[in-house]
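J.: Would you mind keeping the following structure in view while I ask a few things?
The values are calculated or read from the model by the stated rules, or taken from the named source; none is laboratory data. Please read all numbers here as calculations on a predicted model, not as lab measurements. Methodologically, a virtual Cβ is constructed for each residue, glycine included, from the backbone with ideal geometry; neighbour enumeration extends over all protein chains shown. These accessible areas exclude ligands, DNA and RNA; they are computed on the full protein's heavy atoms, side chains included. Shrake-Rupley method; radii C 1.70, N 1.55, O 1.52, S 1.80 Å.
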Amino acid sequence: MTRARGGALYPLLLAVPFLVGIAVLKGLTVEIDTFHGSDARVYHLPTILQFSQHVDLEHYPAAQTPLYHLIFAGYGKVAGFELWKLRLLNVVISYGAVLALYRLLRRATALEPVQAFALSLAFALSPYFLGASFTLLTDNLAILFALLALERFDRCRSDGSLAAFAVGAAAMAGAVLTRQSFLWLAVVAAWAILRAPLRVGERAAAAGVAALSLAPMAALVALWGGLVPPDADPATCGLCTERPGVGRDALTLRTVGFTVALLGIYAAAVHGPRLVRRRALLPGPRALAAGLATAVLLLAVSPLEFRPPAPGVAGDAGWLWKVADRLPTVAGSSLVFWVLVPLGAVALVLLVRRAGLDSLPTAYTGSFLLAALPVALVYQKYFDPFALLAIALFTRPPDLRAPPDYAGIALVCAASIVYAFSFAGS
């Protein structure tokens, strides 16, 4: 009974960061100077106001697919277009995403309520998620859809439920129509279809449902002649190709190496305390060799040295890049990445080996890393929440048994709060 009551209480407690944010920002009447927050004024609010007057899916200021702006335009017509009202809807969406994560961790990883709560709270407090909650940015709506899709795809994979897959496909459609970069969900959908206990005809039906859900995105690609609207600004678009040297001219491993470094940070936070206390998950010689070889390859092919913004060219952004810029560069990469990329690669090898190749966290992480290859801009906000999500999905109940096991998660939460208040006070 106590555990059941705790399970009901934790989703309510996850609302606290958002309520505090609303209070600090004076009822959302104050603009928070968050990461890429100017996009709200320059791209998203103008697109919302344009769609409230007339819908032109080919020409609008934002670089993202238009579902976010259509939803907010419709909401604005009913509730009004005062900025605090629009921001409030974004807060509600963000809270919904955290609840979806809590549900995903409870169902897909069998974590106990307190364990799922701790990881969900760390995600909610992540500055790259929390900061986007109080302004007009498209990230968190797409994350909400993605989390719903992952949970439903995993349900289909486990019991062959076509109804669950159909709901997941609808959520996938919502994600890619909000941010086209979430097309990695199609790979997870394919994994679910192939690994679910389905008959041949049922697999074909599921594939048809997936294709149908992606048809609106395909129509937009045909209309635009690419993945982004023609009016998108290539200087702030990770998938644009219009300007050589600014847009996406080729695949890159910089994004993969950077994500692996973030995986190293969060793996150390979540699993480090248990490893120190019980020497669990220590790598054997083969795992260590595989991880180190992967890290060296990533850093040799695509070095991770900070590239500051320059006129006409968008540079790197994020707190990890700030740290990297303060440390010496060795063989083309900042010293911090020579530590974090090997750490992340070894952790990934160990976690994948424990979870299995045929698991949701492995399918998710592989899909996201694959989708990172064509992204031109190595902005930390594009990768940070997804690295934390990967480590959360790899976590199992024995990993967080004793109070000391939560020390790393508590440190992440505390650091995030301090960082968030530095923006709120700026």
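J.: Among (1) exposed (fewer than 14 other Cβ atoms within 10 Å of the Cβ); (2) in contact (Cβ under 8 Å) with a residue 60 or more places away in the chain, which single condition is S422 missing?
T.: Here S422 meets the rest and fails (2).
J.: Does P197 satisfy being open to solvent by 40 Å² or more (accessible area, probe 1.4 Å), out of contact with any Asp or Glu (no Cβ under 6 Å at 6 or more places or on another chain) and either part of a loop (DSSP other than H, G, I, E, B) or without any contact (Cβ under 8 Å) to a residue 24 or more places away in the chain (or both)? Lay out the reasoning, then the answer.
T.: On the way: open to solvent by 40 Å² or more (accessible area, probe 1.4 Å): yes; out of contact with any Asp or Glu (no Cβ under 6 Å at 6 or more places or on another chain): yes; either part of a loop (DSSP other than H, G, I, E, B) or without any contact (Cβ under 8 Å) to a residue 24 or more places away in the chain (or both): yes.
Criteria met by P197.
J.: Could I ask something else about it? Can you pull out the residues in region 29-69 that are of a type outside the set (G, A, S) and farther than 29 Å from G318 by Cα?
T.: The answer is L49, Q50, F51, Q53, H54, V55, D56, L57, E58, H59.
J.: Tell me yes or no: at least one residue of region 307-314 is at pLDDT 90 or above, open to solvent by less than 60 Å² (accessible area, probe 1.4 Å) and of a type outside the set (K, R).
T.: Within region 307-314 (the criterion being at pLDDT 90 or above, open to solvent by less than 60 Å² (accessible area, probe 1.4 Å) and of a type outside the set (K, R)), the answer is no, since none of the residues qualifies.
One line per residue, one yes/no per condition, for (1) among the aromatic types (F, W, Y); (2) closer than 25 Å to F386 by Cα; (3) at pLDDT below 95:
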| position | (1), (2), (3) |
| --- | --- |
| T2 | no, no, yes |
| L13 | no, yes, no |
| L25 | no, no, yes |
| S38 | no, yes, yes |
| L49 | no, no, no |
| G76 | no, no, no |
| V92 | no, yes, no |
| V98 | no, yes, no |
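J.: On to the next question. Identify the residue in region 340-357 that is without any contact (Cβ under 8 Å) to a residue 60 or more places away in the chain and in a helix (DSSP H, G or I) and, among all such residues, is nearest to T255 (Cα to Cα). Let's see the steps before the verdict.
T.: Just the residues of region 340-357 that are without any contact (Cβ under 8 Å) to a residue 60 or more places away in the chain, to begin with: 352, 355-357.
If we keep only those that are in a helix (DSSP H, G or I) as well, we get 352, 355.
Numbers: V352: 20, A355: 24 Å.
Among those residues, the one meeting the criterion is V352.
J.: Quick check: is even one residue across region 285-302 farther than 26 Å from A132 by Cβ, at pLDDT 90 or above and assigned to a loop (DSSP other than H, G, I, E, B)?
T.: yes
J.: For residues that are open to solvent by 20 Å² or more (accessible area, probe 1.4 Å) and among the β-branched types (V, I, T), scanning just region 33-63, find the one that is farthest from the chain's Cα centre (by Cα).
T.: Initial filter on region 33-63 (open to solvent by 20 Å² or more (accessible area, probe 1.4 Å)): 33, 35-36, 38-39, 41-43, 45-46, 49-50, 53-59, 61.
Filter again for among the β-branched types (V, I, T), leaving 42, 55.
Details: V42: 23, V55: 28 Å.
Restricting to residues being open to solvent by 20 Å² or more (accessible area, probe 1.4 Å) and among the β-branched types (V, I, T), the top hit is V55.
J.: A further question on this structure: Of all residues in region 203-248, which are charged (D, E, K, R) and at pLDDT 95 or above?
T.: Selection gives R203 alone.
J.: Considering only region 154-178, state which residues are touching a residue at least 40 places away in the same chain (Cβ under 8 Å) and farther than 19 Å from P216 by Cβ. Lay out the reasoning, then the answer.
T.: Initially, region 154-178 is screened for residues touching a residue at least 40 places away in the same chain (Cβ under 8 Å), giving 154-157, 160, 162, 165-166, 169-170, 172-174, 176-178.
D154, R155, C156, R157, G160, L162, listed by residue number.
J.: Checking V92 against (1) closer than 30 Å to D405 by Cβ; (2) open to solvent by 60 Å² or more (accessible area, probe 1.4 Å); (3) not aromatic (F, W, Y), which single condition isn't satisfied?
T.: (1)
J.: Considering region 76-102 alone, what residues qualify as being free of Cβ contacts under 8 Å to residues at least 24 places away in the same chain and closer than 22 Å to Q180 by Cβ?
T.: L89
J.: If you don't mind, another one. Go through region 218-232 and give me each residue that's farther than 12 Å from V176 by Cβ, assigned to a helix (DSSP H, G or I) and in contact (Cβ under 8 Å) with a residue 12 or more places away in the chain.
T.: The answer is L223, W224.
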